[in-house]
Structure formats: structure tokens, C-alpha cells
Amino acid sequence: MTELTGGSALPQERRVVTAIPGPKSLELQARRTATVAGGVGSVLPVFTTRAGGGVIEDVDGNSLIDFGSGIAVTSVGASAEAVVRRASAQLANFTHTCFMVTPYEGYVEVCERLAELTPGDHAKKSALFNSGAEAVENAVKIARAYTKRQAVVVFDHGYHGRTNLTMALTAKNMPYKHGFGPFAPEVYRVPVAYGYRWPTGPENCGPEAAAQAIDQITKQVGAENVAAIIIEPVLGEGGFIEPAKGFLPAIVKFANDNGIVFVADEIQSGFCRTGQWFACEDEGVVPDLITTAKGIAGGMPLAAVTGRAEIMDSAHAGGLGGTYGGNPVACAAALGAIETMRELDLNAKAKRIEEVMKARLAVMQEKFPVIGDIRGRGAMIAIELVKDPETKAPAPEAAGALAKACHAEGLLVLTCGTYGNVLRFLPPLVIGEDLLNEGLDIIEAALGRL
Ligand SMILES: *Cc1c(COP(=O)(O)O)cnc(C)c1O
């Protein structure tokens, strides 16, 4: 049993005392391999004992700098005081009633916070779920009920989850879809404004990509058949692609003009991650529906669909829900996480992380031509690695080798991207600046050895 001390007690330092993974982790990994299904992977098989602030401690006594936040989840840290306090109190009162059986205030309060924090000052309502994929599935149900149409439009490089419908919505075959079909019908994929790889250059990319996407929708699907257009305002798993300027507003206008529900999937980019409550605020986009999860509840499983009241209310009573959706402990954790984001002004922290990271990565790019592109916003920053800056041929081996080198030094980093050649940095927003710089030192040294 691990001693429960809370994250604040964790020394905020990197400490590497064994090989990574160490002997105890290797022992646990052998037990894991014997009983855990092989399809469930781990980026780095070090077994965690405690995590908080900007560090993860393992069973061998190592302390890793965390540039992953459990995939953009623990933005407030993995044991934030307000999350632990509120969730613990709720845990002692009751763990579950099922909101669809007897409701409780925490659920309502989370929906009130979502109405305040999400873009737009129209009347809003929310429904709560357990996972991001479930939120996206429900956004589609709601959009179809509202429009009485069936088609759903998604984008190249998009990621929306691992359930049957969200696999269909997701672009990348391996590992998310391969061998798992057949997939849900009435899903159509169109181009996205990927500035770095746009043939006529990033300046032209936004309007050109929007025109192509809209042309494909009108010619191949028919705007009047489309229930929803779903997009990540910063594409996460696809490689931290920020759609080039002008793209999102053009797609929103097309959706509005044609009675299509515009859904912003902010599951990865939401809740202060990009230096705004939601990434779509940067271009003044007001989505009809917004899906949230990951950063919402300091690590507890919670997800939401929030949107225009008249759209949210279009599903019949009993048509939405789920046994665990909006679990009271998860709701209490969410209220603690949101309180922490406000009190510590984590939007400002995310902007500061961007400033530090981008300045240092720009210096590295001068020295190391393998860095083809530096992009992202706030504490959602990535480098795209290429074999040659002219051809931009993807270098997934370099990304893998770099991640491995960082792991060995006690820095947890993740890769992503359609071509597997993007190294992404998602530190907890509460990470100390010294740890942030130490992590960047490790990346720089690893690049030098590559
Ligand atoms: C992670 C993610 C999902 C899926 O969330 P789960 O909780 O893993 O089901 C959906 N959309 C985006 C943008 C994500 O990053």
C-alpha cells in the first residue's frame, strides 16, 4: 500500500536512482504482461506510487518530470489540494446514487460552471458522461435529434475516441481502428488547414483548406444532409495541428448558414490548456456544442456536452444519460479543479509555459534541423521532426528515439501525429519553472546526441 500524503508533500525535483524502468517496475511489468490485455499499451512502464505538481514518483524511488499530464488530464496536478479535499468529502458522504435515479447538487453545479466558462453568452445546458468518446457520441446523438439529419463531417488528422462511432470519426488507422471495423456509417472526412504541410504555404492555407472542405461537403454529402461538423480547435493526437488562421471561422459560418450543428471537441485543448478556457476563443469562435473531458476534473473520469439550450433539449427525456455519468465524486473533483484553475490563474500559467518553451525550442531549431516545426499554444506545445527541412519527410524514428532518450533521463514526454513524428509537451499547468527548464535541458541534450 502506498502512503497517502497528497501531492503538496511531493518534493518537486527530478531524481533518477535506478535504470528507468527500475527493477521493481520490471517485476510489476512481468505481472502486468501476464494478466493485462496486450492491446492496452503504456508509453513508459514505470509503475507510479505518487504524483503531484510537475512530478511522478515510481516504485523504485525515481521522480520523473511530467511533460504528459496523463494526456492533458492533470492540468491542476495529479493530487491538487482542492480536488483531493472536495472529492474526499464527497466520497465519505455518498459514492453514487445515479443522477437518473436521485439527483444531487454537484452535477448541477458543474453544469452551471460549464455554462459560465464555455464561449458565448446564449442560454446553455449540459449533460455529463464518463469519457471523452462518450461525450462525442452524445454530441452526435443530440445534433441528429435536433437537425433530423444523419451525416457527420470530420477532418483529416482528427481524433475523437475509441468507441465504434468515434473510431469512425477518427482519421488514423493504426493503432486506433486497424482490424476493428466495420465502422459507423454516415461519417465523412474532409481536409483540414495543416499550415506546415499545405502545398501553397501556411499563409494561403486557412482560406484554401476551408474552400476545399466546404466544396467536398456540398458536392459529396450535401449540406442539407449534415447534422454536425466536429473539429478539434487544436488537433491533439493528429499532431497538435492548429488550423491555419481563418479556417475555423469559415467552417463555422458555413455550418451556421446551413443549419448544421458546429461541435468543438475541446476534450484535449480545453480547461486552460492553451492559455484560454477553451482554444476556440482565440478566433472568437462560438460553437453550438462543445465536448469536454480530460482536464475537467483533475484526473477523475468526467466528460460533458455543453451547448445551446434549444439544441441540448432536442433529445427526448431518457434519451441521454448512463449509469455513472456525472458521478458525484467526479463532479466534486471537477469543482475543485475549476476552483484551482481560477485561484491560480492557470490560463496565465499556460501562457508563461508557452513563452518559456517556444523561446527555448526556437534556439534548438537553429541548431537541429530535425525540428521542422514548432507549434501549439499555452501548455500544448509540439515539435514536428523531419528528415530534411526542405522535403519535410516525417522522421518518426527520431521522435521515438528522442522520447526514449528523455525517458531514460527521467523526463516523461509523449509522441503523437498522423506520421508518428511529433513530440508533444503537455506539462501540468502548475509545474515549477525550474522543472520546466530542466525538462527542456534534457530535450536539448537528447537532440544533441541524436
Ligand atoms: C482523448 C480525446 C478523446 C477521447 O477521450 P476518452 O476520454 O479517451 O474517451 C476525444 N477527443 C479528443 C480531442 C481527445 O483528445
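Here are the numbers for this structure:
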read-out	value
Residue order for PHE180, PHE278 - accessible surface, 1.4 angstrom probe, largest first	PHE180, PHE278
The stretch 32-165, relative contact order [Cα under 8 Å, separation at least 6], %	11
Shape call, the chain: gyration tensor on alpha carbons, a/c limit 1.5	oblate
Three-way shape call for the stretch 118-203 based on the alpha-carbon gyration tensor, with the a/c threshold at 1.5	oblate
Cα gyration tensor shape for the stretch 83-343, rounded if a/c is under 1.5, else prolate or oblate	prolate
Relative contact order computed over the stretch 83-343 (Cα-Cα under 8 Å; 6+ residues apart), in percent	31
Relative contact order for the chain, counting Cα pairs under 8 Å that sit 6 or more residues apart, in percent	22
For LEU320, net neighbour charge (Lys/Arg +1, Asp/Glu -1) across residues whose Cβ lies under 11 Å away	-1
Sites matching trypsin sites (Lys or Arg not before Pro) across the stretch 208-292 that sit in DSSP coil, with at most 16 neighbouring C-beta atoms within 10 Å	LYS245
Computed accessible area, ARG162, all protein chains, 1.4 angstrom probe, square angstrom	150
Carbon + sulfur, % of accessible area of the stretch 245-374 - ligands and nucleic acids excluded, 1.4 Å	53
Surface accessible to a 1.4 Å probe, VAL363 within the full protein complex, Å²	80
Integer Hz, Karplus 6.51/-1.76/1.60 couplings in order for the stretch 385-394, x for Gly and Pro	9, 10, 6, 7, x, 7, 6, 6, 4, x
Accessible surface ranking that places the most exposed of MET312, MET100, MET300 first, with a 1.4 angstrom probe	MET100, MET300, MET312
Packing rank of 343-354, 114-125, where each peptide gets the mean count of other beta carbons within 10 Å, highest leading	343-354, 114-125
Radius 14 Å from Cβ of LEU169, net charge of other residues (Lys, Arg +1; Asp, Glu -1)	-1
Pairwise label distance in nanometres, VAL36 with GLU283, each label 7 Å out on the Cα-Cβ vector	3.8
Net +/- balance of residues flanking ALA408 in space, Cβ distance below 13 Å, scoring K and R +1, D and E -1	+2
Residue-normalised accessible area of the stretch 39-183, given per residue in Å² at a 1.4 Å probe	43
Loop chymotrypsin sites (Phe, Trp or Tyr not before Pro), the stretch 77-133 (other Cβ atoms within 10 Å of the site Cβ: 10 or fewer; DSSP)	none
Share of carbon and sulfur in the accessible heavy-atom surface of the stretch 164-203 [1.4 Å probe, %]	63
VAL190 long-range amide H proximity, modeled H, under 5 Å	VAL154, PHE155, ASP156
Heavy atoms of ASP313 accessible to a 1.4 Å probe, total area in Å² rounded to 10	90
DSSP-defined beta bridges in the chain - what % are antiparallel, rounded to 5	65
J(HN,Hα) series, the stretch 296-304, from Karplus relation 6.51 cos²θ - 1.76 cosθ + 1.60, nearest Hz, glycine and proline x	5, 9, x, x, 7, x, 7, 8, 8
Potential lengthening between ALA211 and ALA184 on full extension [0.36 nm per residue; Cα-Cα distance subtracted]	7.1 nm
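The values are calculated or read from the model by the stated rules, or taken from the named source; none is laboratory data. Not measured: the values here are computed from a predicted model. Using ideal geometry, Cβ is built from the backbone for each residue, glycine included, and neighbour counts are taken over all protein chains shown. Note: accessible area is taken over every heavy atom of the protein model, side chains too, but ligands, DNA and RNA are not part of it. Shrake-Rupley method; radii C 1.70, N 1.55, O 1.52, S 1.80 Å.
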